[in-house]
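Visitor: Provided herewith is a single structure, encoded as structure tokens, for subsequent inquiry.
The values are calculated or read from the model by the stated rules, or taken from the named source; none is laboratory data. As the structure is a prediction and not an experimental result, all values here were calculated from the model. Positions of Cβ are generated from backbone atoms using ideal geometry, with glycine treated the same way; all protein chains shown enter the neighbour counts. These area figures cover heavy atoms from the full protein model, side chains too; ligands, DNA and RNA do not enter into them. Shrake-Rupley method; radii C 1.70, N 1.55, O 1.52, S 1.80 Å.
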Amino acid sequence: MANESIRNMLDRPEAGGPGVVQGWLRSVRHGKGVSFLDVSDGSCLAGMQVVADPGTEGFESVVRGLGTGSAIRAEGEVVESPGKGQRYELHASRVVLVGEAGADYPLQKKRHGFEFLRSIAHLRPRTNTLGAVLRVRNAASMAIHDFFQREGFFYLHTPIITASDAEGAGEMFRVTTLPEEDPPRDAEGRVDPSRDFFGRPTFLTVSGQLEAEIGALALSRVYTFGPTFRAENSNTARHLAEFWMVEPEVAFCDLGGLADLAERFLKSVFGDVLDRCEDDMAFFEKRIESEAITRMKRVIEEPFERIPYREVVSILEKSGQDFDFPVGFGLDLQSEHERWLTEQHVGRPVVVTDWPASIKAFYMYRNDDDETVAAMDVLVGGVGEIIGGSQREHRLPILEETIRAQGLEPDAYWWYLDLRRFGSVPHAGFGLGFERLVQFMTGMANIRDVAPFPRAPGLVEF
């Protein structure tokens, strides 16, 4: 008898016929002459109740000794369930123990704190919450690829190992094969990077953007979707050392066209996730964040407001709010400013444009006022910034000047500058932290709970 996922079994148009359930026991109830096994295979939020009685093969030898966490295979007939909240159940003709879980199995039928679950990250996907998170991540990943493919983008695989710091922040993980004990040194006694594997200092990438620009200036529309790394010693609920980034790059595009793309992108992805994960999103709205679905629908249904940074600063200064962080031209917006703007002042997503050049990266297009750059942050209620992007500086002299002004060496970006020498065109792109997106959709308070295997200072166990 072929195996069938619980999701597909519950989607059958009617009861009847044989069924096979393979999964893990979330709970077991042994009554007089009957046992009720709640089995999950991870295919959906719901489990399948398996009912076993003395007529079930393995009833005394297997079923009556089963406990939470054990893996089983149950064969039988799919019937209408008399219980509330479940459509079908399986009346078992045979139950086989596949993998036993002892009495010390740490997940029981009760609510466990997320901090505890992080300590058993190898088992936490079996919980309702983390299982739902992983299904939403999967749906969001597919929705992202579907959107860009429909829009005519090419998926570009950018390198994880790089010699350049795309952000200019310097908080990067070093990649080396030099021995820890007695590494080769130069004439001044410093570690000699020329003797390393790549012959120069190399790092884990903080962004695929610079390489995506290479792709865009040949294929016109590309996107990257892969892991990135920041060696920032931060233990907040909003930061990870390893996270996934979505970074489209578009040739012949300005800031206005980029903002249009970002709006279409978010609306499309949120709509797809709501369609594909109806039960999971209902769970998050009931158990985690009461506004989870409402916030997503607001993004889908409402037009995004676009406000220049100068105007935003003026709005915040006149708001009468007692913010913890100061507001002024040349200062970055904090989460409290972003949330007040989206949740109270405007009431829908906001695109903040034309930021001060002094707080933005070297590659952003310098506006005519020579004070601001053609950059944007997309803000949404609940989390604040969800997308950051810009039109790229395609004018060679200005780009060289900015690189030097920010203390970087133009020679290190020779190939990036070549893109401006050979057929340069206006182009633009943005970056979206995938975990931040999942955090927004699910309402999970800590970003470490939307990453399957979170990496943060001191956290690399699993």
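Visitor: Hey, any hits in the range 176-196 for a residue that's crowded, with 18+ Cβ neighbours inside 10 Å, out of contact with any Lys or Arg (no Cβ under 6 Å at 6 or more places or on another chain) and not in a loop (DSSP other than H, G, I, E, B)?
Guide: no
Visitor: Show the residue pairs meeting these rules: Cβ distance below 9 Å; 6+ apart or different chains; first residue within the range 405-418 and more than 15 Å from M364 (Cα to Cα); second residue aliphatic (A, V, I, L, M) and outside any helix (DSSP H, G or I).
Guide: Here the result reads A412/A163, each pair linking the range 405-418 to a residue that is aliphatic (A, V, I, L, M) and outside any helix (DSSP H, G or I).
Visitor: Here is a follow-up. Taking the condition on the phi < 0 side of the Ramachandran plot and surrounded by 14 or more Cβ atoms within 10 Å (Cβ to Cβ), does E311 pass?
Guide: Numbers: on the phi < 0 side of the Ramachandran plot: yes; surrounded by 14 or more Cβ atoms within 10 Å (Cβ to Cβ): no.
No: the conditions fail for E311.
Visitor: For the range 158-172, how many residues are at pLDDT 95 or above and in contact with a strand residue (DSSP E or B) (Cβ under 7 Å, 6 or more places away or on another chain)?
Guide: So in the range 158-172, the residues at pLDDT 95 or above come out as 158-161.
Narrowing further to those that are in contact with a strand residue (DSSP E or B) (Cβ under 7 Å, 6 or more places away or on another chain): 158, 160-161.
Here the count works out to 3.
Visitor: Now, a different point. Identify all residues within the range 237-268 that are assigned to a loop (DSSP other than H, G, I, E, B) and of a type outside the set (G, A, S); write none if there are none. It would help to see each step written out before you state the result.
Guide: Here is the first cut: in the range 237-268, the residues assigned to a loop (DSSP other than H, G, I, E, B) are 237-241, 252-254.
Answer for the range 237-268, where residues must be assigned to a loop (DSSP other than H, G, I, E, B) and of a type outside the set (G, A, S): R238, H239, L240, F252, C253, D254.
Visitor: Condition first: buried (at least 17 other Cβ atoms within 10 Å of the Cβ) and small (G, A, S). Now tell me which residues in the range 28-41 satisfy that. Spell out the reasoning first.
Guide: Residues of the range 28-41 buried (at least 17 other Cβ atoms within 10 Å of the Cβ): 28, 35, 37-41.
Result: S35, S40.
Visitor: Given G152, G226, which one is in contact with a Gly (Cβ under 7 Å, 6 or more places away or on another chain) and either over 30 Å from A445 (Cα atoms) or among the small types (G, A, S) (or both)? Spell out the reasoning first.
Guide: Values: G152 fails: in contact with a Gly (Cβ under 7 Å, 6 or more places away or on another chain).
Every option except G226 fails the conditions.
Visitor: Still on this model: Taking the criterion of being touching a residue at least 40 places away in the same chain (Cβ under 8 Å), under 30 Å from L134 (Cα atoms), among the hydroxyl-bearing types (S, T, Y) and open to solvent by 20 Å² or more (accessible area, probe 1.4 Å), would at least one residue in the range 327-346 satisfy it?
Guide: yes
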